[in-house]
Amino acid sequence: MDAQRWLSSVGTGVKGAFVENRSLLSFEEYLQVFLDAPRRQARSSAQYVHDVLEHFGAEDRETPVGTVRRWRLFDLPWDPEGRVQRIAGQEEVQAALHRDVGTFVRSGRVNKLVLLHGPNGSAKSSIVAALVRGMEAYSRLPAGALYRFHWVFPSERRLRSGGLGFGPRDGEGALGALGSFAHLDGDALDARLSCPMKDHPLLLVPREERRKLLEERCRPSARDGAGEGDFVLSDYLVEGELCQYCRQVHDALLGAYRGDWLKVLRHVQVERFYVSSRYQQAAVTVEPQLSVDAGFRQVTVDRSAGALPPALHAVTLLEPFGPLVSANRGIIEYSDLLKREPQLFKYLLGTSETGRVSLDHFLLQLDVVLVASANEKQLSAFKESADFASFKGRLALVRVPYVRRHSVEREIYDRQITAAAVGKHVAPHATSVAALWAVLTRLKRPIPDRYEGELRDLVEDLAPLEKLRLYDSGEAPDRLSLAQAKVLRKHAVDLYHESDVYPNYEGRSGASAREIKTVLLNAAQAPGARCLTPRAVLDELDALCRDKTLHDFLQSEVVDGYHDHEEFVRVAEAEYLETLDEEIRDSMGMVSEGQYRELFERYVTLVSHWVKGEKVRNRVTGEYAPPEEVRMAEFERIVMPVGDDRGNFRRGLIAAVGAFRLDHPDSAEIDYVAIFPDLFRRLRDHYYEERKRQLQRSKENVLRYLSDERSSLDEKARRQVEATLATMRERYGYCEHCAQDAILFLMRRRYEDAR
């Protein structure tokens, strides 16, 4: 590789991107950018955040607990490496953010502070971080272009002109009729002063003319009754003024030029800027601290007086600085706001309502979306203070509970707990076991009094694991009839939102994802383990439960099986063993899902004819006869709940199949497993009991193969074991080490009594 050629190639690309992105413009050139896309350039910070969400789009997703809208921004689709930072679940929070920002847009100003509140580790800061990353990505697109301006002052010597050194006195010459110093090279400039507030370039236009221009080009809607698709001009752009710093420079130049505003504009250099949390540009996070968030300093003491034009020699420029200043035109997050002393954020009372901050010598005018986070204990204490009454109307409260769906919780750990992260293979179900236990710790006992009739009894008897399955997959308990299961599934959304109005809502307490991640990382360090295994995770969960003083949720009172965290470890273990046993049986080829399905389809065919009163054609003789009652009854002894009426069971089954056809008119096949998961589970369990001893011998052969006793197996047994291990590896993700650990764990827990 030739170094010079490579540098030249890269330099050409950077320069091309700089020109293409129109990174530096004169004011006249920027005005044309505005005229070409007036609504895009007239956006406030709230409108910008709203457009970021809309740009990446949203999709409606059906879940057992209702339809949710997920904003794709929180999936970080633009970043191939952003999988770890993706926000799992929390669609209700996303919707609340979109709703609140939309309200700010229609109001024409940010008039509240959005306070995300929830338990520790519920992803409050992660949600804001994802939003900021979306803003960063959007600001680099043509649709997301943002502009600020600087004051530039040419070199007297270079331009060889008299007077103030601002070019020809009559406004004509090499720089054109309007003229501009915006594109002069660096050595042709004596000084450049940047607007510290990143003021919008249109604020350079006098207010009345600016208002007329905005209303003519943007054709805004009236604020009263404005909807989602309407464009509303913000107070910041319509009524706003230049910051104190830029006003001093502007007025000094206007006086020197005797009111010639066009000559003042020569000194304006408009620059495109990009949202960046790293460089605190329109995206700032403020950690808890014991200082205010803005101040000012004198500029001219740090500069050579000769570098500025004579018109500014007598002006004392006061430059504001601090997080609020850096965040202007974007978003600021106050992390753990309520950990501060109240007097340190009381200024937000006025700022959140008026968009202004009062400093000693002037006011800062802000265009910034204010977001904060706090945990529930801090918020509860703040509500008891005298200051809360003042803040109440200036806060938009957004609750961020723990995730309550097992599959969503598992997704968090699957992204973060990888072989690269822990330095070893992650065995199947290691993260699932942890996620299951975590969600169980967060669930609350249902409130039966909120329901009537049969539903009340169903809710009252719902166990923690049954509630978890209902939330996650819409699966009703096996013990229920088809009719009862249908009723419970129908009201799953009511159960899910049952405690939303209560201070001690479901998802407020329990194990946090942060704590579970620590459990998984500790389990990965288990002595002698070559893989991160579910068994090691269960051991770590047991250890966590023993130290009740370390975590508040472990001290909760057990109520009808809820909050029994030690028992939940056993529940998670039983669920793991059930899944493991099924995977091993499938890998051994002793039974397949296709066989279950075929058996079930034959039964449904018989029942369908029975319900319709039709005869069935015998496949062998070709004659028609009534459905065989003996065959149906034999199958029903396996799958039908005890005590159910056969006729009602059969009619309910056919009704469920019919409902599936109505809901899925384009489906070529009927997914019986999805419709009747409880019935299929009973089929598997029945097979398991019948083949228990045979399964034990097969699993023992696998253990011999993986140990020093491989030579004791005959050729046939060895081939069967190799086929089993190949299936476990290819279909389920086991390696030889974790397969051995899993089978040994299963044998000890389930098959010792079968010898």
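All of the numbers you see were taken from the coordinates with simple rules; none came from a lab. Owing to the predicted nature of the structure, the values given are computational and were not obtained by experimental measurement. A quick note on method: Cβ atoms are made from the backbone with ideal geometry, for glycine too, and the neighbour counts reach across all protein chains shown.
Values for this structure:
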read-out: At 0.692 mPa s and 37 °C, Stokes D of region 406-588 from Kirkwood alpha-carbon radius, µm² per second; value: 188 µm²/s
read-out: Cα-based equivalent ellipsoid, region 329-437: semi-axes from gyration tensor eigenvalues, Å; value: 41, 18, 12
read-out: Å³ per residue enclosed by the Cα convex hull of region 593-737; value: 176 Å³
read-out: Residue pairs, from the table K424/K716; K112/K346; K339/K444, whose Cα atoms sit over 25 Å apart; value: K424/K716; K339/K444
read-out: Relative contact order %, the chain, counting alpha carbon pairs below 8 Å whose residues are six or more apart; value: 13 percent
read-out: Cβ-placed point charges (K, R +1; D, E -1), dipole of the chain about Cα centre in debye, nearest 20; value: 1300 debye
read-out: Average Cα contact separation per residue, region 593-737, under 8 Å, 6 or more apart, as relative contact order %; value: 16 percent
read-out: Whole-Å distance, taken between Cα centres, linking region 419-490 and region 66-141; value: 27 Å
read-out: Contact order normalised by residue count of region 17-400, Cα under 8 Å, 6+ apart, percent; value: 25 percent
read-out: Amide H partners (placed H, <5 Å) of Y147, local residues excluded; value: F273
read-out: Residues whose placed amide H lies under 5 Å from that of Q281, excluding near-sequence neighbours; value: S276
read-out: Fraction of alpha-carbon pairs over 42 Å apart in the chain - percent; value: 48 percent
read-out: Bridge type composition, the chain - antiparallel percent by DSSP, nearest 5; value: 60 percent
read-out: For S499, S122, S587, S9, order by how many other beta-carbon atoms lie within 10 Å, fewest first; value: S9, S499, S587, S122
